[in-house]
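Inspection log for the structure reproduced underneath, given as structure tokens.
All of the numbers you see were taken from the coordinates with simple rules; none came from a lab. No experiment lies behind these values; they were computed from the predicted model shown. Reconstructed Cβ throughout: ideal geometry from the backbone, glycine too, with neighbour counts over all protein chains shown.
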Ligand code: SF4
């Protein structure tokens, strides 16, 4: 009885924010899923358990911010990247340790993933590289927290200009497709890719032509917000 009420609270309060620009978290993600977001295609709702996991992750972030301030290494937290035409995003923190500045990105993950994590996840690397680029800071730290056991792993990265340039080329090419109403093709390893397992546009993706196609002819098959 109570469980159902709590679950209902979570599912009824989830927001499907309208998105008009790329977010840093879109870097390296399936271009077709990002395209659907920018075209305001209706998303499949997340279940209450997943929403509680996200909320728990936010609490972990806040605890770390608090400790950074007490350690006096947190110069600033939750800082938006400077305004420009392609992308928006908010870095977790900018730190100063031993007179060196770092962009910090915190990721809370489950124990199973944490145990096998020997190097940072690729999409996380893409995100922190873009933060370093827009803040003009040459070093970044990816801090992973095992949300079940509270263990931590950190990876320090140097700014990689070539990687950033390639990410920006991809984002500009996708922007072009959004503006010209060209729907990108499915991922090459659809539906096995891990992104497809968690994609909120799975049903839409399945229903539409899997190849690159005109959005104007495809969109009538589905609902937008
Ligand atoms: S189901 Fe897979 S290929 Fe289709 S939009 Fe989602 S992530 Fe992309």
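Put in order of Cβ neighbour count within 10 Å, fewest first, the listed residues 134, 69, 102, 23 become 69, 23, 134, 102.
Relative to the longest principal axis of the Cα atoms of the chain, the long axis of helix 161-179 makes an angle of roughly 30 degrees.
Ordering 217, 204, 20, 25 from the fewest to the most neighbouring beta carbons within 10 Å gives 20, 217, 25, 204. Note on the chain: GNM, Cα springs under 10 Å; of 105, 170, 92, the largest mean-square fluctuation is that of 170. Just so you know, the Cα atoms of segment 22-93 work out to an Rg and Dmax of 15.7, 44 Å.
Of the residues 112, 163, the one with the fewest other Cβ atoms within 10 Å heads the list, and the complete ranking is 112, 163.
For the chain, taking Cα atoms only, Rg and Dmax work out to 18.9, 57 Å respectively.
How far is helix 2-12 tilted, in degrees, relative to the longest principal axis of the Cα atoms in the chain, given as a value from 0 to 90 rounded to the nearest 10? With both axes taken from Cα atoms, the answer is about 70 degrees. Beta bridges assigned by DSSP with both partners in the chain are antiparallel in approximately 70 percent of cases.
More than 19 Å apart: what percent of Cα pairs in segment 128-213 qualify? Result for the distance tail: 63 percent.
Against the main long axis of the alpha-carbon atoms of the chain, helix 48-71 sits at an angle near 30°. Largest first, the extents of the alpha carbon coordinates of segment 95-160 on the three principal axes equal 34, 24, 15 Å.
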